[in-house]
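Asks: This structure is in structure tokens; I'll ask about it shortly.
The values are calculated or read from the model by the stated rules, or taken from the named source; none is laboratory data. For clarity, every value in this text was computed on a predicted model and none was experimentally measured. Here the Cβ is made from the backbone with ideal geometry for all residues, glycine too, and neighbour counts use every protein chain on show.
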């Protein structure tokens, strides 16, 4: 196994040269003091050091030992707890949390770089802190003052970890089918009853407490998604300032109000039980838990019936993180393939001028070079788009100009599902291509590349399946406003292009796509006589086409950056235009064919 | 876990209705008595029964227990040996072996159907007998009369299993780098020394003996592939009629001739040692062995220096089998996804007319229907192409007309690498798409679909990596004869099309591709000033384009078959034209772009 060493010069080139992050952050009052390139670079380097020295070496044990369940408790692989304690105590989870909440107030993009590196180094371990920032935003924006006083700083600093408890056996993509019940208690809290599945980090020994954010239904709630409310139930009530509660149903006569029985400190543990953990294809370093809520007392977060709204704050943050996981995992696989291809010698490469008569390094063979250049093109463009999205998250919050804030919100809304779908698919399929470079050695565990492929597969499923991302983008974000936001995004991309041949090609494709959506896709899906399911059939191709346009924009921007004429960037640029971009034509053909179907 | 039940009506429709196998076989004297459709169908049904009842139930244990190594011995999972003994004793391995060799003389296509079913049911177990037919052909065509007398019937019947020992640590795709040495012994045999890796079934307890076919280098052999010879070394000499030998080097003075020391029956075991087995991503039911040959005595197979020729007989048979593995694995994954999609209810489907207000089965959601129809299109077309290839193998051997035999040889030569590459990629990527239908349930082991994806991944690597298949097709089979064979293949496909709209579309695409190859690809890769590596860059896209053309032909043929208007076939046909075929345009664009590069 080769551990994953983040190559910070690559991240820094995208952040400082291509995206000029300090210039984007300078107008933001909250960020102005952090817009210093030296400080940002220093954080990137420190993150890489921590990831490389502390987190990466645990990856193999995470896969081989894995999380182990016994009698309701989950033991994490050796070293995982110590690494997590070092992680939060060093302040990494609070990097982008507000100073008043115990955070460091640094730009969100640094957190993005950190989590991309962490995911590449050790996807399983990174699942644990991966939900923290979403939980922080959720509690900050929807929690009552009392709840914030109890939990916000603990979550901001990462001293306590968090989960999202959404899925139930009968309710996956369709959260409207959630059945978990929340019944009011006399003290203003609620008693939760139900079973949640696929709960990442539902139980573990990494942190001293775990904070569950749980979708459930109040007694008088209507069926469907509008009947869902969000609740917070901790693993331990200790230390949160609340009385040690134990909810017990006392009224069997029809009232839904429960009484609370105070019990001793030994039962400060809440009635949330981890029933088992799943056996999975990969991601063994992260326990995927079945959680039973057995009259577990918790607080409501936000308004009754607005649980999905509150949860979506968390899910959108998580979706960007999942896109970053894809980029990190693909880079980890790529680094292994690249190292192998430089060392492994097989046959003469065609046109080889090597005089020794010996076999050439396989990186010189076209079939291998193609894989390496095409996958590098995905990673680098993915970074440009993902880091840009992270910058826009801060612009959206802090820019003095309302129009600029609106444009940033548009970017984040439209681009996040693209990142989530396209880069999680690429982590799996492109990771598999990198595995192919190692031949049979890629299929055996020794080199560690097959673990990346197994781990990566889940990212296409969780935080909203990739099919849900595509529907979210086209059906909920693009069509309802007559593609106004999408057109504004496309024009914004065009405005950032220079006049190089590849930029002109990109501009033409952006125009063509915009015209197609305005003149064909919109009228032919929105007309009254259009089949009700037509847009659904097109959602995946629509998103893939937009992903390729964003990549074309990203590669045009990279090419326009001083320093991008180095072989390392030129090879990937060539990889993009030659082996990635042609998919755009295929997606347009599929969209056209879809419009022609009844 | 759902066991894999082959749906024999689907296989039979392709075999009897689409391909009209009995009519193809009728002119072959050797096959005439087996051209009876009832007999053929009966074998298909019996095969499905055996596969479903005996082999499929062992699949999960194969993955979870796996093959275990201890002190040089490999213990197979519970039930594997009994199943194998039942398999060979029932005559399944000898289905398509000649009657005079102890076989049943049935058409090769029945063996193809059998191995496709077996692979879908239990890829790991099927690896063991999977190399038998290739070993049979290799010994039959290249073995000396003495060697045939010792080994041919045992291999034909499958009483003894066989391996291919090619790869060494430094020699993977480049077999010219093989270092294993073969030194003549006084008794006419050879003493082999060297280490082979990635040897499927190198050691196990399924059969009473294992016959290794080994590439090695004679003392006076030149370097490179022309210095390789093929040898046969059994695990046990017992029962083969030979004296119990033990090779020992006696002459340290430079002579390469070894003396044989006769020893007792306790050492009738040859000096072939299984040093360890690999930990792999999947295929745990098949031991992937490191084999050390330690002065192991064996026989030469064929002429000195012609080892690769003899081995290629085996590898070509194996490549068709690997393509069939892809089809079988994809079908197994598809059956699970289809069953799940019929049961699982989430949300209303767009345009749903369900009156209950309840969620619809997810098979009615466009995103899921698309996956199911597109992957079904791959499976069904794959069967048409693979079974046709198996029929052509018999035509090539037994048809009275020399031109027809030549056409069949052309088909097998050109289409086998296409099947191997395209359907192994599809088993992995399309299997992953089927996994996606199950959402989170696909990622956990319970449903068994993730095992298919892990198992399938290796098929893109072994028996010649997929990159080697593409190079083999374009560089070794298409370009050297000025694309004459390819043009004949394309014209043959055209001649089998009717005049339906989809057949006309197929015909146009075949013509366009043929013209592109003749007028653009050939001159621009073969011209003296063309870059030496140009064709190498194009090989993958060339093969993928040809795969799509073969699929278009297959779907045109299916559509022209009475009975293909059933919803089950129409859905997959629609899946092909809408979501599979558009890749053709992308490949043509990539080929065009490749010709424009220096």
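Asks: Identify all residues within the stretch B:193-202 that are surrounded by fewer than 24 Cβ atoms within 10 Å (Cβ to Cβ) and more than 20 Å from the chain's Cα centre (by Cα); write none if there are none.
Replies: B:193, B:194, B:195
Asks: Looking at the stretch A:379-398, is at least one residue more than 14 Å from chain B (Cβ to nearest Cβ), outside any helix (DSSP H, G or I) and closer than 30 Å to residue B:470 by Cα? Step through it out loud before you land on a result.
Replies: Narrowing the stretch A:379-398 to residues more than 14 Å from chain B (Cβ to nearest Cβ): A:379-398.
Then keep just the ones that are outside any helix (DSSP H, G or I); that gives none.
No: the stretch A:379-398 contains no residue that is more than 14 Å from chain B (Cβ to nearest Cβ), outside any helix (DSSP H, G or I) and closer than 30 Å to residue B:470 by Cα.
Asks: Give the residue, chosen from B:182, B:149, B:135, that is buried (at least 23 other Cβ atoms within 10 Å of the Cβ) and closer than 28 Å to residue B:96 by Cα.
Replies: Values: B:182 fails: closer than 28 Å to residue B:96 by Cα; B:149 fails: buried (at least 23 other Cβ atoms within 10 Å of the Cβ).
Unique residue meeting the criteria: B:135.
Asks: I'd like the full set of residues that are within 13 Å of chain B (Cβ to nearest Cβ) and assigned to a helix (DSSP H, G or I), limited to the stretch A:364-378. I'd like the intermediate steps shown before the answer.
Replies: Initial filter on the stretch A:364-378 (within 13 Å of chain B (Cβ to nearest Cβ)): A:364-374.
Passing the criteria: A:364, A:366, A:367, A:368, A:369, A:370, A:371, A:372, A:373, A:374.
Asks: Same structure, new question: Kindly establish whether residue A:566 is surrounded by fewer than 20 Cβ atoms within 10 Å (Cβ to Cβ), more than 30 Å from residue B:364 (Cα to Cα) and without any contact (Cβ under 8 Å) to a residue 40 or more places away in the chain.
Replies: Details: surrounded by fewer than 20 Cβ atoms within 10 Å (Cβ to Cβ): yes; more than 30 Å from residue B:364 (Cα to Cα): yes; without any contact (Cβ under 8 Å) to a residue 40 or more places away in the chain: yes.
The answer is yes for residue A:566.
Asks: Does the stretch A:67-82 hold any residues that are within 17 Å of residue A:131 (Cβ to Cβ) and surrounded by fewer than 22 Cβ atoms within 10 Å (Cβ to Cβ), and which are they? Working first, answer last.
Replies: Of the stretch A:67-82, the ones within 17 Å of residue A:131 (Cβ to Cβ) are A:67, A:74, A:76, A:80.
Matches in the stretch A:67-82: A:74 only.
Asks: Please pick out the residue among A:78, A:96 that is free of Cβ contacts under 8 Å to residues at least 24 places away in the same chain, more than 20 Å from residue A:452 (Cβ to Cβ), in a loop (DSSP other than H, G, I, E, B) and in contact with a helix residue (DSSP H, G or I) (Cβ under 7 Å, 6 or more places away or on another chain). First the steps, then the outcome.
Replies: Working: A:96 fails: free of Cβ contacts under 8 Å to residues at least 24 places away in the same chain.
Checking each option against the conditions leaves just A:78.
Asks: Of all residues in the stretch A:163-194, which are in contact with a strand residue (DSSP E or B) (Cβ under 7 Å, 6 or more places away or on another chain), within 12 Å of residue A:216 (Cβ to Cβ), within 14 Å of chain B (Cβ to nearest Cβ) and part of a strand (DSSP E or B)?
Replies: Residues satisfying the conditions are A:165, A:168.
Asks: Right, next: Given (1) facing chain A (nearest Cβ under 8 Å); (2) in contact with a strand residue (DSSP E or B) (Cβ under 9 Å, 6 or more places away or on another chain), identify the lone condition not met by residue B:463.
Replies: (1)
Asks: Just give me the residues in the stretch B:540-558 being more than 18 Å from residue B:411 (Cα to Cα) and within 14 Å of chain A (Cβ to nearest Cβ), in sequence order.
Replies: B:540, B:541
Asks: Hey, another quick one. Please state which one of B:453, B:444, B:458 is within 12 Å of the chain's Cα centre (by Cα), facing chain A (nearest Cβ under 10 Å) and more than 15 Å from residue B:368 (Cα to Cα). Step through it out loud before you land on a result.
Replies: Numbers: B:453 fails: within 12 Å of the chain's Cα centre (by Cα); B:444 fails: within 12 Å of the chain's Cα centre (by Cα).
Within the list B:453, B:444, B:458, the selection yields B:458.
Asks: Does the stretch B:438-457 hold any residues that are part of a helix (DSSP H, G or I) and surrounded by fewer than 24 Cβ atoms within 10 Å (Cβ to Cβ), and which are they? Even if it seems obvious, please write down each step before you answer.
Replies: Step one: filter the stretch B:438-457 for residues part of a helix (DSSP H, G or I), giving B:440-443, B:445-447, B:449-457.
Those that are part of a helix (DSSP H, G or I) and surrounded by fewer than 24 Cβ atoms within 10 Å (Cβ to Cβ): B:440, B:441, B:445, B:446, B:447.
Asks: Suppose the filter is away from chain B (no Cβ under 14 Å), surrounded by fewer than 19 Cβ atoms within 10 Å (Cβ to Cβ) and in a loop (DSSP other than H, G, I, E, B); does residue A:222 pass it?
Replies: Details: away from chain B (no Cβ under 14 Å): no; surrounded by fewer than 19 Cβ atoms within 10 Å (Cβ to Cβ): yes; in a loop (DSSP other than H, G, I, E, B): yes.
The answer is no for residue A:222.
Asks: Run down A:104, A:42, A:89 and say which single residue is without any contact (Cβ under 8 Å) to a residue 40 or more places away in the chain and under 22 Å from residue A:5 (Cβ atoms). Can you show your working first?
Replies: Details: A:104 fails: under 22 Å from residue A:5 (Cβ atoms); A:89 fails: under 22 Å from residue A:5 (Cβ atoms).
That would be A:42, the only listed residue that is without any contact (Cβ under 8 Å) to a residue 40 or more places away in the chain and under 22 Å from residue A:5 (Cβ atoms).
Asks: Please state which of the following conditions residue B:523 fails to meet, knowing it meets all the rest: (1) surrounded by fewer than 24 Cβ atoms within 10 Å (Cβ to Cβ); (2) under 30 Å from the mean Cα position of the chain (by Cα); (3) more than 10 Å from chain A (Cβ to nearest Cβ); (4) part of a helix (DSSP H, G or I).
Replies: The number of the failed condition is (2).
Asks: Something else now. Scan the stretch B:152-162 and tell me whether some residue there is buried (at least 24 other Cβ atoms within 10 Å of the Cβ) and in a strand (DSSP E or B).
Replies: Yes, the stretch B:152-162 contains a residue that is buried (at least 24 other Cβ atoms within 10 Å of the Cβ) and in a strand (DSSP E or B).
Asks: Okay, next question. Take the conditions farther than 25 Å from residue A:14 by Cα and not assigned by TED's automatic domain parsing to the domain that holds residue A:26 and apply them to residue A:344. Does it pass? Show your work before the answer.
Replies: Details: farther than 25 Å from residue A:14 by Cα: yes; not assigned by TED's automatic domain parsing to the domain that holds residue A:26: yes.
Here the answer is yes, as residue A:344 does meet what is asked.
Asks: Oh, and also: Quick check on this structure: which one of A:480, A:531, A:562 is within 13 Å of another protein chain (Cβ to nearest Cβ) and not in a helix (DSSP H, G or I)? Break it down into steps so the answer makes sense when it comes.
Replies: Details: A:480 fails: within 13 Å of another protein chain (Cβ to nearest Cβ); A:562 fails: within 13 Å of another protein chain (Cβ to nearest Cβ).
Sole residue among the options that is within 13 Å of another protein chain (Cβ to nearest Cβ) and not in a helix (DSSP H, G or I): A:531.
Asks: Here is a further query. Out of B:554, B:532, B:509, B:539, I need the residue that is within 26 Å of residue B:467 (Cβ to Cβ) and at pLDDT below 95. Which one? Before the answer, list the steps.
Replies: Values: B:554 fails: at pLDDT below 95; B:509 fails: at pLDDT below 95; B:539 fails: at pLDDT below 95.
Answer to the check: B:532.
Asks: For the stretch B:286-304, check the following and say yes or no: at least one residue is part of a loop (DSSP other than H, G, I, E, B), assigned by TED's automatic domain parsing to the domain that holds residue B:192, surrounded by fewer than 20 Cβ atoms within 10 Å (Cβ to Cβ) and in contact with a strand residue (DSSP E or B) (Cβ under 6 Å, 6 or more places away or on another chain). Step through it out loud before you land on a result.
Replies: Pass one, the stretch B:286-304, residues part of a loop (DSSP other than H, G, I, E, B): B:286-287, B:302-304.
Checking which are assigned by TED's automatic domain parsing to the domain that holds residue B:192 leaves us with B:286-287, B:302-304.
Those still in the list that are surrounded by fewer than 20 Cβ atoms within 10 Å (Cβ to Cβ) too: B:303-304.
After this cut, where a residue has to be in contact with a strand residue (DSSP E or B) (Cβ under 6 Å, 6 or more places away or on another chain) as well, the list is B:304.
Checked the stretch B:286-304: at least one residue is part of a loop (DSSP other than H, G, I, E, B), assigned by TED's automatic domain parsing to the domain that holds residue B:192, surrounded by fewer than 20 Cβ atoms within 10 Å (Cβ to Cβ) and in contact with a strand residue (DSSP E or B) (Cβ under 6 Å, 6 or more places away or on another chain).
Asks: So if I check each of B:111, B:64, which one is surrounded by fewer than 23 Cβ atoms within 10 Å (Cβ to Cβ), in contact (Cβ under 8 Å) with a residue 60 or more places away in the chain and farther than 28 Å from residue B:269 by Cα? Before the answer, list the steps.
Replies: Details: B:111 fails: surrounded by fewer than 23 Cβ atoms within 10 Å (Cβ to Cβ).
That would be B:64, the only listed residue that is surrounded by fewer than 23 Cβ atoms within 10 Å (Cβ to Cβ), in contact (Cβ under 8 Å) with a residue 60 or more places away in the chain and farther than 28 Å from residue B:269 by Cα.
Asks: Pick from B:570, B:578: which is part of a helix (DSSP H, G or I), more than 20 Å from residue B:477 (Cα to Cα) and more than 12 Å from chain A (Cβ to nearest Cβ)?
Replies: Numbers: B:578 fails: more than 12 Å from chain A (Cβ to nearest Cβ).
Being part of a helix (DSSP H, G or I), more than 20 Å from residue B:477 (Cα to Cα) and more than 12 Å from chain A (Cβ to nearest Cβ) holds for just one of B:570, B:578, which is B:570.
Asks: Also, I was wondering about something else. Do we find a residue being outside any helix (DSSP H, G or I), out of contact with any helix residue (DSSP H, G or I) (no Cβ under 7 Å at 6 or more places or on another chain) and more than 14 Å from chain B (Cβ to nearest Cβ) anywhere in the stretch A:346-360?
Replies: yes
Asks: Applying the selection to the stretch B:1-33, what residues are surrounded by fewer than 17 Cβ atoms within 10 Å (Cβ to Cβ) and part of a helix (DSSP H, G or I)?
Replies: If the condition is that a residue be surrounded by fewer than 17 Cβ atoms within 10 Å (Cβ to Cβ) and part of a helix (DSSP H, G or I), then B:9, B:10, B:17, B:23, B:32, B:33 are the ones that fit.
Asks: Would it be correct to say that residue A:327 is over 21 Å from residue B:168 (Cβ atoms), buried (at least 17 other Cβ atoms within 10 Å of the Cβ), assigned by TED's automatic domain parsing to the domain that holds residue A:439 and in contact (Cβ under 8 Å) with a residue 24 or more places away in the chain?
Replies: Working: over 21 Å from residue B:168 (Cβ atoms): yes; buried (at least 17 other Cβ atoms within 10 Å of the Cβ): yes; assigned by TED's automatic domain parsing to the domain that holds residue A:439: yes; in contact (Cβ under 8 Å) with a residue 24 or more places away in the chain: yes.
So residue A:327 passes the test.
Asks: Does residue B:322 count as in a helix (DSSP H, G or I), buried (at least 24 other Cβ atoms within 10 Å of the Cβ) and out of contact with any strand residue (DSSP E or B) (no Cβ under 8 Å at 6 or more places or on another chain)? Explain how you work it out, then say what you get.
Replies: Numbers: in a helix (DSSP H, G or I): yes; buried (at least 24 other Cβ atoms within 10 Å of the Cβ): yes; out of contact with any strand residue (DSSP E or B) (no Cβ under 8 Å at 6 or more places or on another chain): yes.
So residue B:322 passes the test.
Asks: Restricting to the stretch B:136-151, name every residue that is assigned to a loop (DSSP other than H, G, I, E, B) and in contact with a helix residue (DSSP H, G or I) (Cβ under 9 Å, 6 or more places away or on another chain).
Replies: If we filter the stretch B:136-151 for residues that are assigned to a loop (DSSP other than H, G, I, E, B), which is where we start, we get B:143-144.
Across the stretch B:136-151, the qualifying residue is only B:143.
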